[in-house]
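Asker: Let me give you the structure first, and then I'll get to my questions.
Coordinate-derived values only; no laboratory data. Treat the numbers as computed from the prediction; the structure is a model and nothing was measured. Here the Cβ positions follow ideal geometry from the backbone for every residue, glycine too, while neighbour counts run over all protein chains shown.
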Amino acid sequence: MQDVRLAAQDFRFDPPEVRLHAARPIRLLVVNEGREPHEFTSPLLTDHQVRLLAVEPADVRGQGTIKIAPGRSITLTLLAPAGVYLYRCKMRGHAGMTGTMIVDSQADVANR
């Protein structure tokens, strides 16, 4: 299992880039550390080649955008094929709040 923690802060994601291996499951924790609500929007939520194994809380499963209140978090467990997956917050005024997840098939990829 590859564990990744993304912090949604006012007004950026930390880290802005994550590198992972395609052959191993990914547990993605997105925590809203900001004072405002944030959203997590990504092809990871809608791409039919990405297998969502678990979503917590369960009531956000199947949504293309997940809203996260301040101090709250979501956890996604998934298998993603090699590719580049952007993530962003679509809240008004948060236009620069973006990041990139690079899922690589190479064995030497390390989480940064």
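Asker: For Lys90, what is the net charge nearby, where nearby means another residue's Cβ is under 10 Å from its Cβ and Lys, Arg count +1, Asp, Glu -1?
Answerer: Values: positive: Lys67, Arg88, Arg92; negative: Glu39.
Surrounding charge for Lys90 is +2.
Asker: If the viscosity is 1.306 mPa s and the temperature 10 °C, what Stokes-Einstein diffusion coefficient in µm²/s follows for the chain when Rh is the Kirkwood radius over Cα pairs?
Answerer: In µm²/s, the coefficient is 114.
Asker: With unit charges on the beta carbon (Lys/Arg positive, Asp/Glu negative), name the residue among Leu44, Leu6, Pro16 whose Cα is farthest towards the positive pole of the charge dipole of the stretch 2-104.
Answerer: Final value for the positive-end residue is Leu44.
Asker: Just want to confirm a number: the relative contact order over the stretch 2-104, from Cα pairs under 8 angstrom separated by 6+ residues, in percent.
Answerer: Values: 251 pairs, mean separation 36.4, N = 103.
Rounded, it is 35 percent for the stretch 2-104.
Asker: Okay, moving on. Antiparallel as a % of all DSSP beta bridges within the chain, to the nearest 5?
Answerer: On the way: 25 of 37 bridges.
Here the share of antiparallel DSSP bridges comes out near 70 percent.
Asker: Only sites in a loop by DSSP and with at most 15 other Cβ atoms within 10 Å count here; which GluC sites (Glu not before Pro) in the stretch 15-57 make the cut? Write down the numbers at each step before the final one.
Answerer: On the way: sites: Glu17, Glu33, Glu39; in loops: Glu33.
Sites meeting the loop and neighbour criteria: Glu33.
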